[in-house]
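So the structure is just underneath, and the comments pick up after that.
Quick note: the coordinates plus some simple rules give every number you see, no bench work behind them. Computed from a predicted structure; not experimentally measured. We place every Cβ from the backbone using ideal geometry, glycine too, and count neighbours over all the protein chains shown.
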Amino acid sequence: MTFDPFNTSTLLAILPEFLLVVLAGLVMLLDLLWPESRKRALGLTAATGFGVIAMAALAFSLPKGGNALILGGMIRDDFVSFFFRMLFLLSGLIVSLISLDSPGVGRKGEYYAILVGAVLGMNFMAASADLIMLYLSIETTSIALYLLAGYLRDDDKSAESGLKYFLFGAFTSAIMLYGFSLLYGFTGKTNLYELAGALAAGAVPIPALLAVILLLLAGFGFKVSAVPFHFWAPDVYEGAPSPVTGFISTASKAAGFAVLARVTLAVFPSIETYWVSLMVAIAAVTMTLGNTIALSQKNIKRLLAYSSIAQAGYALIGLAAASPAGIAATIYYLAAYIPTNLAAFGGIVLVYRATGSDEIADYAGMSRRAPGLALVFLVAFLSLGGMPPLGGFFGKFFVFAAAIQQGVALGNNWLIGLVFVGVINAIVGLYYYLTVLKVVYLYPPRAETKVDVPRAYRVALWACVIGILLLGTWSTPWIGWATAAAGNLF
Amino acid sequence: MNFPFLSVITFTPAVASLLILMMPGERKTEVRATALAAGIFATLLAVYVYLAYDQSLGGYQFVEKFAWVPQFGISYHVGVDGMSAPLVLLTAVVMLTGVLISWGIDDRPREFFAFLFILATGVFGVFVALDLFGLFFFYEIAVFPMYLLIAIWGWQVTREYAAMKLTLYLFIGSVFSLVGALAMYYVSGLGTFDMLALEKANFSVEFQRFWFPIVFFGFAVLGGIFPFHSWSPDGHVAAPTAVSMFHAGVLMKLGAFASLRVGIMLLPEGARFHMPWIVLLTVVNVVYGSFIAMVQKDMKYMIGFSSVSHMGLVAMAFTTLNRVGYVGAGMQMFSHGVMTALFFACVGMIYDRAHTRLMPELGGMSKKMPFVAVAFIIGGFTSMGMPGLSGFAAELPIFLGVWNARAADVVREYPAWLQWVAAMAQTPWYFPTIAVVSAIAIVVTAAYVLRAVQRVFFGEISHDHDHHVGDVTVLDKVALAILCAFMIGIGVYPAVMATLVDTGVTPILKLLGVA
């Protein structure tokens, strides 16, 4: 593997990342140049930038096929990384738009620059094919997110959120790094695909390999907020600025899944039976715990924190199936989950602006104060609950179907049992999602003032709703893409 | 390609719903007009489909099919047969009359009609679906708007409780059916959700016997089968009038229809095996439902339990596994739908004006709203099974079918704790006895209907009501007239529906191996 930085096709493959660096610099520069009155345009610049980069990626950076390892084996130019990069860019776009009028963050240049940095890290997370690159990209993402979570310096909860996130992140990242070092120590290699060859040749005894995968799962489990690495989620979600919470709960989680899927499938096929059992257990516990605790939440951001833990559990079902259909289902699940949760958090920002509160009780009568916004909550929460014709329905259907298929094919009754657990959890989930909708639609409003929905938010929320509906009705091309991407991991 | 009638019918309400949502909330008249236009349009098309269905050909007609998610063998496949064509018509009629009688809703009519129409799209979709996945897709769409419709516009006393209870009951039921459907999909090995293909999948006898109760009851929850019926009266009572009409008139048929289409038609061996004991549950439905209706003071609860009783007759007809019984089931689904929609419409009109539904507090309403009184009495006679009305044309075949039914010999293989059922079921008097016992319900029905008519419409009117209660609007009268016309039309000339339903029964009997 040669390092050939001046090859055009190589450079085009990481064009989006180059452009992201430019965008971060541009936003910082404009922040210095523009007067305070114009600073709302910073967010629009960032959003436009994300949109332009996504289009440039579509035009120039489509993988050439052949799953090439480029840049000295650091990056794998395949459809998985491409698919996830598009997801990250689009969620960056939406998050920029819903940040515009969020108090404390909307008019800050460095906020958007850090956001761009986080997206950059995630892009590399999804594309890394080397332990070093992987670790660097995970840290790039995490450090940016710690900053964003604690961005409201004068707000105790935000500061606490940033610090908690940092401590948890540093801790799990160190454990994961230990796992990386063991892998390197046993095999002398850092490239994931070369590691796989060495491990298949039996370079590492199975018990040691099991220890390694447990160490790695600490880091990845933290990213996707899977039990038992979920403890940070509720506090961080509650304290962080709402657009950031939306970002952490969607893009960051998806990036975690991209890494989790790539590493487990590429490096550990030799102990697949073990980690499949592990995933089944983690998925079952994650869903059940998330949904059960969500039942008693009074704060909408905490509720969505536990809901997002549960959602990670559903997405893990596809991974536990460990089949191309299963991975495709997980990717589809995440693709549907991202616009859904972003729509919810966009609404949360607006309600907070109007009421200064994130308590569910203060959502009373939103259907009178902002009928359109209430409809967005309706679509988002029912999609989270897995109702057709919304994206969440197909997501759930695909993961369940993949797990049953694999369970029948391999005679693995645990997978079929996992689907039953998932189905029961879907019912529990629907209950608390409906409870929120009940408050929104049924209870009398606490104030009569209308909730203002600025145009940028309208665009962002419409985009999310259309995305949710599209993924929930016309799923053929998307599941085709997800299947193509999943095929690259095997 | 021919004009896609069924898709247009199915998605008319959905499109209308989107249009309505895009209107400003204050333009209430435009919202109502759009809803009415969609209702009329869907009804006209449904009438056309009903009349244009070629009975000499039979089978599925107006079929449309194209790939939806080819990776999983999911297609968008719709069509109607003799069983579903009347139900499509029923849905359109209830939708139209529901819009007419909801004209007066003043609290967020935009959202009300939008949600109601999403529900309607789901219902149409289930009746025309020929793909198992499509059926579930629409089934869930039909279930969840109920929650909001009841919780927001329902009766304040019980709406939160009833809406949540209903949603969870139906969702849990449908999830069990969904697991059964996935099992069929994978075990068949055909890689398709197409029900016409799955009908020929030749599932093993053990598979069918195991999954039939799960699938059948999963759907039959929505059909109100005992002991999973308790959501139904609570839901009827809490729902606003148009939703009660939809709910009792159409949604309960959804449950019965889906348990027929998926349970009985795809797992016929399971049906032959399990029906001899399920019939006992339906007897409880029919008889117990009518007695509970008897003791109600609240008119809506009375009609709610009466629906449990009448829908029990549909389920009982399903257990007969013979032609007469199934024709009766098809007729009863339509007849009960129209009748119960009429009842709920009448009660809604009375409640809106008198502000009570308690029969002891009402009286003399025929003086104030004679049109409603006449319509309610026609509905009441239909409910009792009076000849000349659709109830008679539906219930007579059901009782004949039950009388003639015989349990399959496989009941001998029942587990030990069910042997007592098997012993009874093998005797020749088993089904005739059930028919006789169920006939008690007719007498009880006559009693509570006549009592309700006497208490509510005749007798002394209270002083308060005499001053405040006015007559119903023209739109209300039009809605009632439409519903009455169907009951009388089918009652006078049953062949207008019976021959059509009969063409739908033939393939079912073929699957059951009794034709």
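For this structure, a couple of remarks:
- Taking the centroid of alpha carbons for each part, the range A:152-217 and the range A:15-73 are 29 Å apart.
- Average other protein chain Cβ within 10 Å of Cβ, residues B:66-72: 5
- For peptides A:358-370, B:82-94, A:125-137, sequence by mean Cβ density within 10 Å, most packed first: B:82-94, A:125-137, A:358-370
- Number of partner chain Cβ atoms within 10 Å, mean per residue of A:370-382: 2
- Pairwise label distance in nanometres, B:D471 with B:V437, each label 7 Å out on the Cα-Cβ vector: 4.9
- Computing Rg and the Kirkwood Rh from the Cα coordinates of chain A gives a ratio, Rg/Rh, of 0.95.
- Neighbour-limited loop hits for trypsin sites (Lys or Arg not before Pro), the range A:409-490 (at most 15 other Cβ within 10 Å; DSSP other than H, G, I, E, B): A:R446, A:K450
- Multiplying the residue separation of B:V410 and B:F458 by 0.36 nm and subtracting their alpha-carbon distance yields 11.9 nm.
- Entries in B:K28/B:K368; B:K297/B:K368; B:K300/B:K367; A:K450/B:K165 that, when Cα-Cα distance is taken, lie over 26 Å: B:K28/B:K368; A:K450/B:K165
- Binned Cα-Cα distances of the range A:318-445, short to long, each 10 Å bin given as a whole percent: 14, 37, 26, 16, 7, 1
- Phi-based couplings in Hz for the range A:213-224 (Karplus 6.51, -1.76, 1.60; Gly and Pro marked x): 5, 5, 5, 5, 4, 4, x, 5, x, 4, 5, 8
- Extending 7 Å from Cα along the Cβ direction at A:E139 and again at A:F490 yields two label points whose distance is 3.6 nm.
- The range B:85-155 and the range A:291-337: distance between their alpha carbon centers, rounded to Å: 30
- Distance between the range B:277-292 and the range B:312-366 - C-alpha centres, whole angstrom: 16
- Karplus-derived HN-Hα couplings along the range A:20-36 (A = 6.51, B = -1.76, C = 1.60, θ = phi - 60°), whole Hz, x at Gly and Pro: 5, 4, 4, 4, 4, x, 4, 4, 4, 5, 4, 4, 6, 7, 7, x, 3
- Each of B:H236, B:H463 was scored by other Cβ atoms within 10 Å of its Cβ. Arranged with the fewest first, they read B:H463, B:H236.
- Chain B - percent relative contact order, Cα under 8 Å, separation 6 or more: 16
- Virtual paramagnetic centre 7 Å along Cα→Cβ of A:D154, amide N under 17 Å, in the range A:227-242: A:241
- Of the GluC sites (Glu not before Pro) found in the range B:1-89, those in coil by DSSP whose Cβ has at most 14 other Cβ atoms within 10 Å are B:E26.
- In a DSSP loop and with at most 12 other Cβ atoms within 10 Å, the chymotrypsin sites (Phe, Trp or Tyr not before Pro) in the range A:5-55 are A:F6.
- Coarse-grained scattering of the range A:15-120 at q = 0.15, 0.24 Å⁻¹, given as base-10 log I(q)/I(0) from a Debye sum over alpha-carbon atoms: -0.61, -1.22
- Volume of the convex hull of chain B (Cα atoms only), normalised per residue: 132 Å³.
- Principal-axis tilt of helix A:272-294 within chain A, Cα atoms, nearest 10 degrees: 10
- Descending semi-axes in whole angstrom, ellipsoid equivalent of the range B:1-266, from the Cα gyration tensor: 31, 23, 15
- Label-to-label distance, nm, for residues given as B:Q156 and A:W414 (7 Å Cα→Cβ offset): 5.5
- Radius 15 Å from Cβ of A:G219, net charge of other residues (Lys, Arg +1; Asp, Glu -1): +2
- The Stokes-Einstein estimate for the range B:161-218, based on a Kirkwood radius over Cα pairs and taken at 37 °C with 0.692 mPa s viscosity, is a diffusion coefficient of 265 µm²/s.
- Sorted fewest first by neighbouring Cβ atoms within 10 angstrom, B:H467, B:H310, B:H229 come out as B:H467, B:H229, B:H310.
- Residues whose amide H falls under 5 Å from that of A:N191, counting only those 5 or more places apart or on a different chain, are A:L131, with hydrogens built in the peptide plane.
- Net charge dipole, the protein assembly as shown: roughly 600 debye, given to the nearest 20, about the Cα centre with Cβ charges of +1 for Lys and Arg and -1 for Asp and Glu.
- Near B:D131, the amide H atoms lying under 5 Å from its own belong to B:H77, B:M195; only residues 5 or more places off or on other chains count, and H is placed 1.01 Å from N.
- Percent of Cα-Cα distances greater than 59 Å, calculated over the protein assembly as shown: 15
- Among complete DSSP H helices in chain B, those whose alpha-carbon atoms stretch at least 24 Å along the helix's long axis and whose mean Kyte-Doolittle hydropathy reaches -1.0 are B:5-22, B:28-52, B:84-101, B:109-128, B:132-153, B:159-188, B:268-294, B:299-320, B:323-354, B:430-457, B:474-492, B:495-512.
- Across chain A, the relative contact order, built from alpha-carbon pairs under 8 Å that are at least six residues apart, equals 15 percent.
- Phi angles across the range A:74-81 convert, under the Karplus curve 6.51 cos²θ - 1.76 cosθ + 1.60 with θ = phi - 60°, into 3J(HN,Hα) values of 6, 10, 10, 8, 9, 6, 4, 5 Hz, Gly and Pro given as x.
- Per-residue shielding of B:139-152, expressed as the average number of other chain Cβ atoms within 10 Å of the residue Cβ, stands at 4.
- Gyration tensor (alpha-carbon) shape descriptor, the range A:275-490, a/c threshold 1.5: prolate
- The listed peptides A:170-181, A:393-404, ordered by packing as a protection proxy, come out as A:393-404, A:170-181 (highest mean of other Cβ atoms within 10 Å first).
- Gained length - A:S296 relative to A:A201, 0.36 nm times residue gap less alpha-carbon distance: 29.2 nm
- In angstrom, the C-alpha Rg and Dmax of the range B:278-515 are 19.8, 67.
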